[in-house]
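> Encoded as C-alpha coordinates, here's the structure I'll be asking about.
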Amino acid sequence: MLRIEHLYKAFKTNEVIKDLNLEIEERSIFGLVGINGAGKSTLLRLIAGVYEPDHGSVTFNDEDTFLFPEIRSSISFVSDEQYYPAGSTIASVKTMYESMYDFDQEAYHNYLHMFDLKENMNIRTLSKGNRRRVSLVFALSTHPKLLLLDEAYDGLEPLARLRFKKVLAQLIEDEGITVIISSHNLKELEDICDSFGILDDGHIVSYGDLLDARESVNKYQVVFSEPKTKEDFSDFDVLHFEQAGRVANVVIRGSREEVTEKLEEMHPLLVDILQVSFEELFIYELESRGDLHE
(Lines give C-alpha, C1' and ligand atoms only; values in the text may rest on other atoms or scores of the structure.)
Protein backbone atom coordinates (compact mmCIF):
# COMPACT_ATOMS: atom_id res chain seq x y z
CA MET A 1 0.00 0.00 0.00
CA LEU A 2 1.05 3.56 -0.68
CA ARG A 3 0.38 5.83 2.29
CA ILE A 4 0.84 9.61 2.29
CA GLU A 5 0.46 11.44 5.59
CA HIS A 6 0.44 15.20 6.22
CA LEU A 7 2.66 15.81 3.21
CA TYR A 8 3.90 19.36 2.66
CA LYS A 9 6.26 20.73 0.03
CA ALA A 10 7.12 24.32 -0.87
CA PHE A 11 9.64 25.89 -3.21
CA LYS A 12 10.72 29.12 -1.53
CA THR A 13 7.40 30.94 -0.95
CA ASN A 14 5.40 28.76 -3.36
CA GLU A 15 3.41 26.19 -1.37
CA VAL A 16 2.71 23.32 -3.77
CA ILE A 17 1.60 20.40 -1.56
CA LYS A 18 -0.25 21.26 1.66
CA ASP A 19 -0.99 18.72 4.39
CA LEU A 20 -1.92 16.08 1.82
CA ASN A 21 -3.22 12.70 2.96
CA LEU A 22 -3.91 9.74 0.68
CA GLU A 23 -3.92 5.94 0.65
CA ILE A 24 -3.76 3.83 -2.52
CA GLU A 25 -4.31 0.09 -2.43
CA GLU A 26 -2.06 -2.35 -4.26
CA ARG A 27 -3.22 -3.94 -7.53
CA SER A 28 -4.95 -0.74 -8.60
CA ILE A 29 -4.64 1.93 -11.27
CA PHE A 30 -5.09 5.33 -9.67
CA GLY A 31 -5.88 8.36 -11.83
CA LEU A 32 -4.39 11.59 -10.46
CA VAL A 33 -6.13 14.61 -11.96
CA GLY A 34 -6.05 18.35 -11.48
CA ILE A 35 -5.81 21.60 -13.38
CA ASN A 36 -2.41 22.91 -14.51
CA GLY A 37 -0.35 24.00 -11.54
CA ALA A 38 -2.28 21.87 -9.05
CA GLY A 39 0.91 20.04 -8.02
CA LYS A 40 0.52 16.67 -9.81
CA SER A 41 4.12 16.42 -11.03
CA THR A 42 5.49 17.54 -7.68
CA LEU A 43 3.40 14.93 -5.87
CA LEU A 44 4.66 12.17 -8.18
CA ARG A 45 8.26 13.25 -7.56
CA LEU A 46 7.65 13.18 -3.82
CA ILE A 47 6.20 9.67 -4.09
CA ALA A 48 9.19 8.55 -6.19
CA GLY A 49 11.65 9.90 -3.64
CA VAL A 50 13.05 12.48 -6.05
CA TYR A 51 12.05 15.33 -3.73
CA GLU A 52 12.38 15.36 0.03
CA PRO A 53 9.19 16.37 1.86
CA ASP A 54 9.38 19.49 3.99
CA HIS A 55 6.93 17.82 6.38
CA GLY A 56 5.03 14.55 6.46
CA SER A 57 5.89 11.24 4.86
CA VAL A 58 5.37 8.97 1.87
CA THR A 59 5.63 5.23 2.55
CA PHE A 60 5.27 2.31 0.18
CA ASN A 61 4.87 -1.08 1.81
CA ASP A 62 5.68 0.68 5.11
CA GLU A 63 9.06 2.00 3.89
CA ASP A 64 9.80 5.72 3.46
CA THR A 65 10.38 6.33 -0.26
CA PHE A 66 12.86 9.16 0.29
CA LEU A 67 14.91 7.65 3.11
CA PHE A 68 15.35 4.09 1.84
CA PRO A 69 17.04 3.43 -1.56
CA GLU A 70 15.88 -0.20 -1.39
CA ILE A 71 12.23 0.77 -1.71
CA ARG A 72 13.01 3.29 -4.46
CA SER A 73 14.45 0.46 -6.55
CA SER A 74 10.93 -1.00 -6.69
CA ILE A 75 9.47 2.28 -8.03
CA SER A 76 9.61 3.36 -11.68
CA PHE A 77 8.86 6.98 -12.51
CA VAL A 78 8.21 8.15 -16.08
CA SER A 79 8.42 11.92 -15.98
CA ASP A 80 6.64 14.26 -18.37
CA GLU A 81 10.01 15.95 -18.88
CA GLN A 82 12.31 13.31 -20.33
CA TYR A 83 16.06 13.95 -20.46
CA TYR A 84 18.74 11.84 -22.09
CA PRO A 85 22.41 12.83 -22.58
CA ALA A 86 23.50 13.84 -26.08
CA GLY A 87 24.35 10.85 -28.22
CA SER A 88 22.45 8.40 -26.04
CA THR A 89 21.15 5.32 -27.78
CA ILE A 90 18.62 2.89 -26.38
CA ALA A 91 21.46 0.35 -25.96
CA SER A 92 23.67 2.78 -23.98
CA VAL A 93 20.82 3.71 -21.63
CA LYS A 94 20.13 0.01 -21.12
CA THR A 95 23.68 -0.39 -19.76
CA MET A 96 22.92 2.23 -17.10
CA TYR A 97 19.68 0.51 -16.11
CA GLU A 98 21.43 -2.85 -15.89
CA SER A 99 23.87 -1.39 -13.34
CA MET A 100 21.12 0.13 -11.18
CA TYR A 101 18.16 -2.25 -11.31
CA ASP A 102 17.21 -5.89 -11.46
CA PHE A 103 16.82 -5.58 -15.22
CA ASP A 104 14.80 -8.14 -17.20
CA GLN A 105 16.43 -8.66 -20.60
CA GLU A 106 13.62 -10.76 -22.00
CA ALA A 107 10.97 -8.22 -20.99
CA TYR A 108 13.15 -5.44 -22.41
CA HIS A 109 13.34 -7.05 -25.86
CA ASN A 110 9.63 -7.86 -25.81
CA TYR A 111 8.75 -4.23 -25.07
CA LEU A 112 11.17 -2.96 -27.74
CA HIS A 113 9.38 -5.14 -30.27
CA MET A 114 5.93 -4.12 -29.02
CA PHE A 115 6.74 -0.41 -29.34
CA ASP A 116 8.61 -0.80 -32.67
CA LEU A 117 11.95 0.44 -31.32
CA LYS A 118 15.56 -0.53 -32.19
CA GLU A 119 18.53 -0.55 -29.82
CA ASN A 120 20.70 1.59 -32.11
CA MET A 121 18.24 4.49 -32.20
CA ASN A 122 19.61 7.87 -31.04
CA ILE A 123 17.05 8.85 -28.40
CA ARG A 124 17.38 12.64 -28.71
CA THR A 125 16.56 12.48 -32.43
CA LEU A 126 13.31 10.61 -31.83
CA SER A 127 9.85 12.15 -31.80
CA LYS A 128 8.20 12.95 -28.50
CA GLY A 129 5.99 9.88 -28.82
CA ASN A 130 8.95 7.58 -29.45
CA ARG A 131 10.92 9.09 -26.56
CA ARG A 132 7.88 8.33 -24.41
CA ARG A 133 7.98 4.74 -25.65
CA VAL A 134 11.66 4.46 -24.74
CA SER A 135 10.94 5.64 -21.19
CA LEU A 136 8.11 3.13 -20.87
CA VAL A 137 10.31 0.28 -22.10
CA PHE A 138 12.89 0.92 -19.38
CA ALA A 139 10.31 1.55 -16.66
CA LEU A 140 8.50 -1.70 -17.41
CA SER A 141 11.68 -3.79 -17.80
CA THR A 142 12.61 -3.28 -14.14
CA HIS A 143 9.42 -5.02 -12.94
CA PRO A 144 8.38 -2.18 -10.63
CA LYS A 145 5.99 -2.70 -7.76
CA LEU A 146 4.89 0.93 -8.06
CA LEU A 147 4.71 2.58 -11.49
CA LEU A 148 4.34 6.39 -11.65
CA LEU A 149 3.35 7.88 -14.99
CA ASP A 150 3.26 11.65 -15.53
CA GLU A 151 1.14 12.35 -18.63
CA ALA A 152 1.52 8.72 -19.65
CA TYR A 153 -0.22 8.95 -23.02
CA ASP A 154 1.26 12.24 -24.20
CA GLY A 155 2.66 11.72 -27.71
CA LEU A 156 1.48 8.11 -28.05
CA GLU A 157 -0.72 7.34 -31.03
CA PRO A 158 -3.92 5.30 -30.52
CA LEU A 159 -2.39 1.87 -31.28
CA ALA A 160 0.51 2.40 -28.87
CA ARG A 161 -1.94 3.58 -26.20
CA LEU A 162 -4.03 0.46 -26.64
CA ARG A 163 -0.97 -1.81 -26.39
CA PHE A 164 0.20 0.00 -23.28
CA LYS A 165 -3.19 -0.31 -21.57
CA LYS A 166 -3.14 -4.05 -22.20
CA VAL A 167 0.36 -4.28 -20.71
CA LEU A 168 -0.74 -2.48 -17.54
CA ALA A 169 -3.76 -4.73 -17.12
CA GLN A 170 -1.57 -7.81 -17.54
CA LEU A 171 1.05 -6.57 -15.04
CA ILE A 172 -1.61 -5.94 -12.42
CA GLU A 173 -3.03 -9.42 -13.01
CA ASP A 174 0.34 -11.24 -13.05
CA GLU A 175 2.57 -9.19 -10.76
CA GLY A 176 0.16 -7.21 -8.59
CA ILE A 177 1.72 -3.84 -9.34
CA THR A 178 0.24 -0.49 -8.36
CA VAL A 179 0.00 2.27 -10.99
CA ILE A 180 -0.53 6.01 -10.59
CA ILE A 181 -1.29 7.89 -13.80
CA SER A 182 -1.43 11.66 -14.09
CA SER A 183 -3.05 12.92 -17.27
CA HIS A 184 -4.90 15.88 -18.71
CA ASN A 185 -6.88 13.49 -20.89
CA LEU A 186 -9.56 12.24 -18.52
CA LYS A 187 -11.27 10.25 -21.26
CA GLU A 188 -8.12 8.14 -21.55
CA LEU A 189 -8.11 7.49 -17.80
CA GLU A 190 -11.79 6.65 -17.54
CA ASP A 191 -11.56 3.22 -19.16
CA ILE A 192 -8.46 2.05 -17.29
CA CYS A 193 -8.48 3.55 -13.77
CA ASP A 194 -10.38 1.91 -10.92
CA SER A 195 -9.73 4.71 -8.42
CA PHE A 196 -8.99 8.42 -8.63
CA GLY A 197 -7.93 11.50 -6.74
CA ILE A 198 -8.60 15.15 -7.58
CA LEU A 199 -5.70 17.41 -6.60
CA ASP A 200 -6.50 21.07 -6.11
CA ASP A 201 -4.50 23.82 -4.41
CA GLY A 202 -2.12 21.26 -2.90
CA HIS A 203 -4.85 19.06 -1.40
CA ILE A 204 -6.65 15.91 -2.46
CA VAL A 205 -10.19 17.28 -2.46
CA SER A 206 -11.94 14.09 -3.58
CA TYR A 207 -10.82 10.50 -4.04
CA GLY A 208 -12.12 6.95 -4.04
CA ASP A 209 -13.47 4.24 -6.29
CA LEU A 210 -14.15 5.70 -9.73
CA LEU A 211 -17.24 3.62 -10.43
CA ASP A 212 -18.76 4.41 -7.03
CA ALA A 213 -18.05 8.12 -7.47
CA ARG A 214 -19.65 8.23 -10.90
CA GLU A 215 -22.69 6.33 -9.67
CA SER A 216 -23.14 8.74 -6.75
CA VAL A 217 -23.16 11.83 -9.00
CA ASN A 218 -25.84 12.10 -11.68
CA LYS A 219 -27.23 14.73 -14.01
CA TYR A 220 -31.00 15.24 -13.73
CA GLN A 221 -32.99 16.95 -16.46
CA VAL A 222 -36.21 17.95 -14.76
CA VAL A 223 -39.20 19.60 -16.44
CA PHE A 224 -41.64 21.61 -14.31
CA SER A 225 -44.86 23.43 -15.05
CA GLU A 226 -43.17 26.63 -13.80
CA PRO A 227 -39.46 27.61 -13.93
CA LYS A 228 -37.34 26.75 -10.87
CA THR A 229 -34.28 28.43 -9.38
CA LYS A 230 -31.24 26.90 -7.70
CA GLU A 231 -32.70 27.85 -4.34
CA ASP A 232 -35.58 25.42 -4.97
CA PHE A 233 -32.99 22.61 -4.79
CA SER A 234 -31.47 23.69 -1.48
CA ASP A 235 -32.29 20.30 0.09
CA PHE A 236 -30.01 18.56 -2.41
CA ASP A 237 -26.21 18.36 -2.66
CA VAL A 238 -26.07 20.33 -5.90
CA LEU A 239 -22.78 20.45 -7.80
CA HIS A 240 -24.08 22.26 -10.88
CA PHE A 241 -27.31 24.01 -11.88
CA GLU A 242 -28.59 25.35 -15.20
CA GLN A 243 -32.05 26.63 -16.07
CA ALA A 244 -33.56 26.76 -19.55
CA GLY A 245 -37.16 27.84 -19.35
CA ARG A 246 -39.08 25.13 -17.50
CA VAL A 247 -36.21 22.66 -17.79
CA ALA A 248 -33.73 22.45 -14.91
CA ASN A 249 -30.43 20.66 -15.52
CA VAL A 250 -29.10 19.75 -12.09
CA VAL A 251 -26.03 17.71 -11.15
CA ILE A 252 -26.67 16.19 -7.73
CA ARG A 253 -24.53 14.02 -5.47
CA GLY A 254 -26.37 11.25 -3.65
CA SER A 255 -28.17 7.95 -4.04
CA ARG A 256 -30.05 7.94 -7.33
CA GLU A 257 -33.10 6.37 -5.70
CA GLU A 258 -33.20 8.86 -2.83
CA VAL A 259 -32.61 11.86 -5.09
CA THR A 260 -35.32 10.72 -7.51
CA GLU A 261 -37.78 10.23 -4.67
CA LYS A 262 -37.13 13.77 -3.39
CA LEU A 263 -37.43 15.20 -6.89
CA GLU A 264 -40.82 13.51 -7.31
CA GLU A 265 -42.00 15.41 -4.23
CA MET A 266 -41.50 18.59 -6.27
CA HIS A 267 -44.16 17.30 -8.74
CA PRO A 268 -42.11 17.48 -11.96
CA LEU A 269 -43.66 16.77 -15.35
CA LEU A 270 -40.63 14.71 -16.38
CA VAL A 271 -37.36 13.47 -14.85
CA ASP A 272 -34.55 12.17 -17.04
CA ILE A 273 -31.35 10.79 -15.43
CA LEU A 274 -27.93 10.83 -17.11
CA GLN A 275 -24.68 9.41 -15.73
CA VAL A 276 -21.75 11.80 -15.77
CA SER A 277 -18.37 11.00 -17.32
CA PHE A 278 -15.09 11.13 -15.38
CA GLU A 279 -14.29 14.44 -17.08
CA GLU A 280 -17.65 15.90 -16.06
CA LEU A 281 -17.20 14.60 -12.51
CA PHE A 282 -13.87 16.41 -12.28
CA ILE A 283 -15.32 19.66 -13.64
CA TYR A 284 -18.39 19.61 -11.40
CA GLU A 285 -16.34 18.76 -8.28
CA LEU A 286 -14.09 21.77 -8.78
CA GLU A 287 -16.95 24.01 -9.87
CA SER A 288 -18.87 23.21 -6.69
CA ARG A 289 -15.83 24.32 -4.67
CA GLY A 290 -15.50 27.54 -6.62
CA ASP A 291 -12.09 26.41 -7.92
CA LEU A 292 -12.70 26.83 -11.64
CA HIS A 293 -12.01 30.25 -13.06
CA GLU A 294 -12.50 31.70 -16.49
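The values are calculated or read from the model by the stated rules, or taken from the named source; none is laboratory data. Predicted model, so just to flag it, every value in this text is computed and none were measured. FYI the Cβ positions are ideal-geometry reconstructions off the backbone, even for glycines, and counts take in every protein chain you see. Side chains included, ligands, DNA and RNA excluded: accessible areas come from the protein's heavy atoms. Shrake-Rupley method; radii C 1.70, N 1.55, O 1.52, S 1.80 Å.
> Hey, got the Cα dimensions of the chain along the principal axes, in Å, largest first?
Principal axes ranked by extent give 72, 42, 36 Å for the Cα atoms.
> Taking the Cα centre of the chain as the origin and placing charges on Cβ (Lys, Arg +1; Asp, Glu -1), which of His203, Met114, Val167 is farthest toward the positive end of the dipole?
Met114
> Let me ask something else. Could you tell me how many cubic angstrom of Cα convex hull volume the stretch 196-244 has per residue?
Spelled out: Cα convex hull of the stretch 196-244, divided by residues, is 112 Å³.
> Here's another thing I want to ask about it. To the nearest 20 debye, what charge dipole does the chain have about its Cα centre, counting +1 at the Cβ of each Lys and Arg and -1 at the Cβ of each Asp and Glu? Mind dumping the intermediate values first?
Values: 30 positive and 54 negative charges, 281 e Å.
Charge dipole of the chain: 1340 debye, to the nearest 20.
> Another question about this same structure. Run the reach check for Lys262 against lysines, Cα to Cα strictly under 27 Å, same-chain hits fewer than 8 apart removed. What comes back?
List returned: Lys219, Lys228, Lys230.
> Now for a different question. Leaving out ligands and nucleic acids, and using a 1.4 Å probe, what accessible area per residue does the chain come to in Å²? Can you show the working numbers first?
Details: 14660 Å² over 294 residues.
Here the residues of the chain average 50 Å² of exposed surface.
> Under 21 Å Cα-Cα from Lys166, which lysines qualify once same-chain neighbours fewer than 8 residues away are excluded?
Reachable lysines: Lys145, Lys187.
> Say each of Lys166 and Glu98 gets a label point 7 Å from the Cα, pointing the same way as Cα to Cβ; how far apart are those two points in nm?
Once both label points are built, they end up 2.9 nm from each other.
> Something else: Can you send over the carbon and sulfur percentage of the accessible area for the stretch 8-155, probe radius 1.4 Å, protein chains only?
47 percent
> Still on this structure, I have one more. Restricting to DSSP loop positions (anything but H, G, I, E, B) with no more than 11 other Cβ atoms inside 10 Å of their own Cβ, which GluC sites (Glu not before Pro) remain in the stretch 66-109?
Glu81
> Over the stretch 173-294, calculate the relative contact order: mean separation of alpha carbon pairs under 8 Å at least 6 apart, over the residue count, as a percent.
For the stretch 173-294, the relative contact order is 27 percent.
> Another question, then. Within 10 Å of each candidate Cβ there may be at most 15 other Cβ atoms; applying that plus a DSSP loop requirement, which trypsin sites (Lys or Arg not before Pro) in the stretch 101-158 survive? Walk me through the intermediate numbers first.
On the way: sites: Lys118, Arg124, Lys128, Arg131, Arg132, Arg133, Lys145; in loops: Lys118, Lys145.
The qualifying sites are Lys118.
> Quote to one decimal, in nm, the extra length available between Asp64 and Asp209 on full extension: 0.36 nm per residue of separation minus the C-alpha distance between them.
49.7 nm
> Right, here's the next one. How large is the Kirkwood hydrodynamic radius of the stretch 160-294, counting all unique pairs of alpha carbons, in Å?
Its Kirkwood hydrodynamic radius stands at 16.8 Å.
> Expected output is a single nm value to one decimal: the length gained when fully extending between Glu5 and Glu52, i.e. 0.36 nm times separation in residues minus the C-alpha distance. What is it?
Result for the pair: 15.5 nm of gain on full extension.
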